[in-house]
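J.: Below you'll find the structure I mean.
Derivation of every value follows stated rules applied to the coordinates shown; laboratory data play no part. Small disclaimer: the values here were computed from a predicted structure and weren't measured. Neighbour counts are summed over all protein chains in view; Cβ atoms, including those assigned to glycine, are modelled from backbone coordinates with ideal geometry.
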Amino acid sequence: MSYQISVQDSDIAFDCNEGETVLAAAERAGYTLPYSCRKGVCSSCQGWLDDGDVRQRSREISGPAGGVLFCTATPKSDLTVRPRRIARYDPLARKKITARVFRMSRPADDVAVLQLRFPASIRAKFKAGQYLRVKLPDGEERSFSMANAPQESDGVQLHIRHVPGGHFSEKVLSTLKLDDRLEIEIPYGDFYVRDASDARYLFVATGTGFAPVRSIIDDMIRRRLSREVRLYWGGRSRADLYQAAICRKWADRFPWLSFVPVLSNPDADWSGRTGLVHRAVLDDVADLAGWQVYACGNPAMIQAARSDFTSLGGLPEDRFFADAFVPSGATEVPAPQPALATAV
Ligand SMILES: Cc1cc2nc3c(=O)[nH]c(=O)nc-3n(C[C@H](O)[C@H](O)[C@H](O)COP(=O)(O)OP(=O)(O)OC[C@H]3O[C@@H](n4cnc5c(N)ncnc54)[C@H](O)[C@@H]3O)c2cc1C
Ligand code: FES
């Protein structure tokens, strides 16, 4: 059995199979909607159901209704929907690749930088800021953002924070050797800059949320773009800002870029900014109306940033883009834990 999904105020319509999510059906038909975690946690995919019935996890929702999560909602009738954005997308652009471990390093005790190379003649197209999925031996998957610029299309660089007991970041990573193979699927995600607009870019990252920001800025440098960019990177201590030296070099070299490191639990000799990274943004930029904000990393930071930037900073909701590093198995935004409050 299949249902028809029509997109309000457009001539777009596509079929959705029984049990298939609205997001998956849109992608199969060659359209992409906003999304990030694909698990019903981060709210990136939420939109309006103008007409029809869906099941969202164990909830039945009948239109008209707002706040429907298209990554988990499955139709129970024909639908009319209103996503926040919809764009053409080539389903064939996503590839499954067996990648080889090419280099591994540890810029901090709890962060690994993993470089994977693709087989000769295989290239993967992605937009700076997107992520990939790694398949684990038991069939589970984990998502990681590319930290390299898309011009380096023969491989990927990943920044992986160690999660105590974590299946991938501890168990798999601790046994991984050079030349080992990993199954990946690339690309995923909606976290890339919209450069058709002339807005200034404000990046807010925590911990390894720096990875996609690094990819975006490296891409901007290679493309000789020079619009105003502010990068706020938050962590508990200096070690969490494991590539701050690169950001300082960018800020020294490019007059259009400024870098603000923010620590929530600094050493006594830290003379920089302190506190929550998104609050530092609001202290500096009272009016966010002329900016596009790209926030990445800890889901609790992203939730707070979205709410405070739109309510206190005057940021239009459609200028906030985010990738929340939602942990596997999470069914809601995890409450910040002392150890993970600002560093994913
Ligand atoms: C779109 C997207 C992009 C991502 N990109 C990156 C990236 O570039 N770099 C990166 O380091 N991570 C990233 N993540 C998170 C990553 O996918 C994994 O969730 C993370 O590495 C943990 O996986 P694991 O297998 O090591 O631990 P798991 O086996 O999944 O977790 C072990 C236990 O720890 C808990 N846990 C895991 N992570 C956290 C956390 N942050 N806070 C609190 N509890 C936690 C789990 O709920 C579980 O109980 C991303 C996630 C998403 C959704
Ligand atoms: S993508 Fe749907 S809630 Fe995260």
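J.: Taking just the alpha carbons, could you work out the radius of gyration and Dmax for the stretch 177-286, both in angstroms?
T.: 15.6, 49
J.: Let me ask something additional. What list of ³J(HN,Hα) couplings, whole Hz, do you get for the stretch 294-302 from phi and the Karplus terms 6.51, -1.76, 1.60, once you set θ to phi - 60° and write x for glycine and proline?
T.: 3J(HN,Hα) across the stretch 294-302, in whole Hz: 10, 10, 8, x, 4, x, 5, 4, 5.
J.: Which order do peptides 163-169, 290-296, 43-49, 123-129 fall in by mean Cβ count within 10 Å, highest first?
T.: 290-296, 43-49, 123-129, 163-169
J.: Moving to a separate point now. Search the structure for amide H atoms under 5 Å from the amide H of residue 51, placed 1.01 Å from N in the peptide plane, and list their residues when 5 or more places away or on another chain.
T.: When sequence neighbours closer than 5 places are left aside, the close amide H contacts are 80.
J.: To the nearest whole percent, what portion of all C-alpha pairs in the stretch 92-188 is separated by more than 17 angstrom?
T.: 46 percent
J.: Here is a further query. Using only Cα atoms, locate the centre of the stretch 213-248 and the centre of the stretch 122-157, then give the distance between them in Å, rounded to an integer.
T.: 19 Å
J.: What translational diffusion coefficient, to the nearest whole µm²/s, does the stretch 2-88 have by Stokes-Einstein, given a Kirkwood radius computed over alpha-carbon pairs, a temperature of 37 °C and 0.692 mPa s viscosity?
T.: The Stokes-Einstein estimate is 268 µm²/s.
J.: Can you report the principal axis dimensions of the chain using only the alpha carbons, biggest first, rounded to whole angstrom?
T.: Answer, in whole Å and largest first: 62, 49, 40 Å.
J.: May I pose another question? Would you work out the relative contact order for the chain, in percent, from Cα pairs under 8 angstrom that are 6 or more residues apart?
T.: For the chain, the relative contact order is 15 percent.
J.: While we're looking at this one, here's another question. Hey, what do the phi angles of the stretch 36-45 turn into as Karplus ³J(HN,Hα) couplings, whole Hz, using 6.51/-1.76/1.60 and θ = phi - 60°, x for Gly and Pro?
T.: 9, 6, 6, 10, x, 10, 8, 6, 4, 8
J.: Now a separate question. Given C-alpha coordinates of the stretch 227-306, what is the ratio Rg to Rh with the Kirkwood estimate of Rh?
T.: The Rg/Rh ratio comes out at 0.95.
J.: Quick one: 3J(HN,Hα) in Hz for the stretch 212-226, Karplus 6.51/-1.76/1.60 with θ = phi - 60°, rounded, Gly and Pro as x.
T.: Once rounded to whole Hz, the list reads x, 5, 4, 4, 5, 5, 4, 5, 4, 5, 5, 8, 6, 7, 9.
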